[in-house]
1. Relative to the longest principal axis of the C-alpha atoms of the chain, give the angle of the C-alpha long axis of helix 108-124, reported between 0 and 90° and rounded to the nearest 10°.
2. On C-alpha positions alone, give me the angle between the axis of helix 18-92 and the longest principal axis of the chain, in degrees, nearest 10.
3. Could you give the length gained by full extension between residue 122 and residue 55, i.e. 0.36 nm per residue of separation minus their alpha carbon distance, to one decimal place?
4. Of the labelled options (i) 42, 16, 11; (ii) 23, 18, 14; (iii) 90, 12, 11, which one gives semi-axes √(5λ) of the Cα gyration tensor in Å as computed for this structure?
5. Can you tell me how the range 60-113 classifies by the Cα gyration tensor, rounded, prolate or oblate, using a/c under 1.5 as the rounded cut?
């Protein structure tokens, strides 16, 4: 307002209505600031909601993936345990390591290791 008066822009009007114009400018300025703050707060709330949703989705995906991996590992461990038990039973029936490896579909070295462990366990008892 001072700029306008100094540069002869609406000088007469502004001098007569100085208080009213000052009040109006204050209201407009306050309203602009208020709207800006409201927008910033709304954006912050939206961002927080988006982050929360993203985290929830990420956790759900991670949990599902972990369960899937755990299930696969558990099944694999179960298959290996069953192959080991079968290998030991076949050994007691007189099969050699090469034949056992073929039957249980495992490397012969693995079968020999299982048989050696079983032998050591039987000696320790």
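1. 70
2. Roughly 0 degrees between the two axes.
3. 18.8 nm
4. Checked against the structure: label (iii).
5. Prolate.
Coordinate-derived values only; no laboratory data. Just so we're clear, the structure is a prediction, and the values are computed from it rather than from any experiment.
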